[in-house]
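One structure below.
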Amino acid sequence: MTSLCPPPSRIFCGREDILNKMHQFFSDTGIQHIYVLHGLGGAGKTQIALKFINKSSSRFTHIFFIDTCTIATIETGLKNIAVLKDFGNSPEDGLLWLTSKVEEWLLFFDNADDPDINLNDYIPQCNHGNIIITSRNPGMCVYAGSHSPVLDMEEEDAVALLLKSALQKATSSTEQITAEIVKVLYHLPLAVVQAGASLRKSSTMYQGISFIPVVHPKKKYRSLWNSSHIFCGQLENGILCSFWTLPMRSNLIH
Ligand SMILES: Nc1ncnc2c1ncn2[C@@H]1O[C@H](COP(=O)(O)OP(=O)(O)OP(=O)(O)O)[C@@H](O)[C@H]1O
Ligand SMILES: [Mg+2]
């Protein structure tokens, strides 16, 4: 089996509902399946697709990853298929290999965000094969046989992810503090992982007594503090796009 996909995160957590739905959808053979995962940047679309592919790799004969950011990257991906299969050296040759090879190949179109790209030009026009598309654009559902919106994580999974990412043991005390932190991060996986990386360096933060969530009057920042540190996240259009911590000093919070 050929696989050009990277593995999922080693600390992948949760998303069982979507993974089960994908398993169900791809379970029958002999027709072309297209599944779309759509949601905000950092919501975890690519990770879910990689986890599904990793768990189900025996279901597919060949697995191809296509960076779908631009027409140039798509064409490079398709050309690579042709070259790999010794079937020519152009994107058209790659598409021809896929349409002519009546097998259970899987094409993963990752980050298909640009609404000006017509994916129909790159989806093999045939009745076989399997396709996963990830996109920030829900309009991509027009291509889908089935789809899932990728929303915030379940609280329990976000807590587990933050603890793993911060290299902290799960105890009732760390879980309680972590539940407060992930609430402020809207359970968004990218923010949770960033927060974990930031917390990794200062495990003393977990000895804090209680955390107080605070919304900045301008609603641009949310912060949270305990006796020793302030946790800050910057919001843009309601999405938390960065996270950092500061040591607690009175002049920083007044
Ligand atoms: N289920 C998960 N378990 C562990 N980590 C996760 C999970 N989902 C996402 N992450 C972390 O969050 C980061 C962002 O996730 P991902 O790249 O899948 O988001 P995305 O929705 O594809 O974003 P974009 O629209 O920017 O491509 C990942 O690099 C990974 O570190
Ligand atoms: Mg992605």
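The values are calculated or read from the model by the stated rules, or taken from the named source; none is laboratory data. Fair warning: this is a prediction, and the values are worked out from it, not measured in the lab. Here the Cβ positions follow ideal geometry from the backbone for every residue, glycine too, while neighbour counts run over all protein chains shown.
Evaluating residue 172 against the criteria (1) among the polar types (S, T, N, Q); (2) more than 12 Å from ligand 1 (Cβ to nearest atom); (3) touching a strand residue (DSSP E or B) at 6+ places or on another chain (Cβ under 6 Å) leaves one unmet condition, (3).
The residue pairs whose first member lies in the range 110-134 and is over 19 Å from residue 76 (Cβ atoms), whose second member is within 16 Å of ligand 2 (Cβ to nearest atom), and whose beta carbons are closer than 7 Å, counting only pairs six or more residues apart or on different chains, are 115/137; 129/107. In the range 43-58, the residues that are farther than 20 Å from residue 155 by Cβ reach residues that are more than 9 Å from ligand 2 (Cβ to nearest atom) and of a type in the set (Phe, Trp, Tyr) with C-beta atoms within less than 8 angstrom, at least six apart or across chains, in these pairs: 49/108; 53/60; 53/108; 56/26. Quick one: in the range 178-193, of everything that is part of a helix (DSSP H, G or I) and surrounded by fewer than 21 Cβ atoms within 10 Å (Cβ to Cβ), which residue is farthest from the chain's Cα centre (by Cα)? The qualifying residue farthest from the chain's Cα centre (by Cα) is 180. Taken as a whole, the structure leaves residue 84 outside the set of residues that are more than 19 Å from the chain's Cα centre (by Cα) and closer than 15 Å to residue 123 by Cα.
If I filter the range 143-164 down to residues being touching a strand residue (DSSP E or B) at 6+ places or on another chain (Cβ under 9 Å) and more than 16 Å from ligand 2 (Cβ to nearest atom), which single residue comes out as nearest to residue 15 (Cα to Cα)? Here the residue is 146. On inspection, residue 61 passes the criterion of being β-branched (Val, Ile, Thr), modelled with pLDDT under 95 and surrounded by fewer than 20 Cβ atoms within 10 Å (Cβ to Cβ). For the range 35-58, a residue qualifies if it is within 7 Å of ligand 1 (Cβ to nearest atom), crowded, with 22+ Cβ neighbours inside 10 Å and closer than 15 Å to residue 137 by Cβ, and the qualifying residues are 43, 45.
Does residue 87 count as in contact with an Asp or Glu (Cβ under 6 Å, 6 or more places away or on another chain) and more than 16 Å from ligand 2 (Cβ to nearest atom)? Yes; evaluated as a whole, the condition is true for this residue.
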